[in-house]
């Protein structure tokens, strides 16, 4: 029994000693209560007298709700200046970076040089057929001793790629109609590619260029699309024609064209419902929208297919299917800044003969730009 008492006393002493050490350490470290900045001096109060103005930040418990009057309004969002195509193609350019360093890292042109280039072309989604054609030309020039240095091989690839994209008419078609009608620009594509945003950006650009625009919210199956388009219309100070949810898209576009013609508006930009290119009944409806748009005072002078660049070769399938139904006149390639598959441009233009007219390289209005094929190729190959 005596031993148990001794152990108990020792345990109590150990605990007391530990507590004493902790207290002593805190005193040595000089731990002080939370300090707040001093209050500002008394300031005059309108009407006489004075009041204490304390501009110290209020203290709140982490996670506690902050009263509305203490929450600062967020600053207005300012759009950054648009970057150039070269500046925004870092991801696509990285596809070729390894191949370029591999080619230039060898003293001579070898079979490995061609293998590096082939891999880069395929990774960029240029397509097997086009890649083979490009490399066949380069092999022939090397064999004929027209190319003898590694740098010359890259220069020749640059020239061949630019030549394949040369000569296309990339301007947006606008006609002066003798009967006082209005141009209709239709926008088609699957859901999620950025059709509505593209329309909004292009509307602002056209208004800034001096043209009058009316928007037709033909995507009547998705309420959010009409709301988004309305926001863009307000931003650009243009009129918009909307229909009830689920209404016939053709009737909305027709009403928009008639209203635009009656007011002498230059361009109607017609949104259409996103649809799968594999659904024949939905695709057929696009043909109807076009026919109805030209029944009155309108003429469809552009049918722009919007494609997400990150989908790669799937974009080629979309272009082929939509082109058979709606007579696509040009392609808008969105999200090109976030894609390593920019080579889809070559497949669309060389296999289908449809020019890429606009590319999206960011989120702001200025980031929808005219497609410059020479600058595009130079950016990819760092020339």
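No lab work stands behind these numbers, since they all come straight from the coordinates. A quick note: this is a predicted structure, and the numbers were derived from the prediction, not measured. As a convention, Cβ positions derive from the backbone with ideal geometry for all residues, glycine included, and neighbour counts pool all protein chains shown.
Here the spin labels are modelled as points 7 Å beyond Cα on the Cα-Cβ line, and at residue 209 and residue 224 they lie 3.0 nm apart. Where in segment 147-167 is the amide nitrogen less than 17 Å from a point lying 7 Å along the Cα-to-Cβ axis of residue 107? Residues passing the 17 Å test: 148-151. For the pair residue 173 and residue 350, what calculated FRET efficiency results from E = 1/(1 + (r/R0)^6), where r is the Cβ-Cβ distance and R0 = 25 Å, to the nearest 0.05? That pair, residue 350 with residue 173, gives E of 0.70.
In this calculation the C-beta distance from residue 255 to residue 324 is compared with R0 = 35 Å, giving a FRET efficiency of 0.80. With the simple model of a label 7 Å out from the Cα in the direction of the Cβ, residue 375 to residue 90 spans 1.8 nm. Prolate is the label for segment 224-383. Its Cα gyration tensor axes, ordered a ≥ b ≥ c, give a/c of at least 1.5 and a/b above b/c. Rounded to 0.05, the FRET efficiency of the residue 140 and residue 299 pair, given R0 = 45 Å and the Cβ-Cβ distance, is 0.45. Distance between the C-alpha centres of segment 163-223 and segment 311-366: 15 Å, rounded to the whole angstrom. What shape does segment 85-165 have by the C-alpha gyration tensor, where a ≥ b ≥ c are the square roots of the eigenvalues, rounded means a/c under 1.5, and otherwise prolate means a/b greater than b/c and oblate the rest? Judged from the Cα gyration tensor, segment 85-165 comes out prolate (a/c at least 1.5, a/b above b/c). Taking label points 7 Å from Cα along the Cα-to-Cβ direction, residue 122 and residue 237 give a separation of 5.5 nm.
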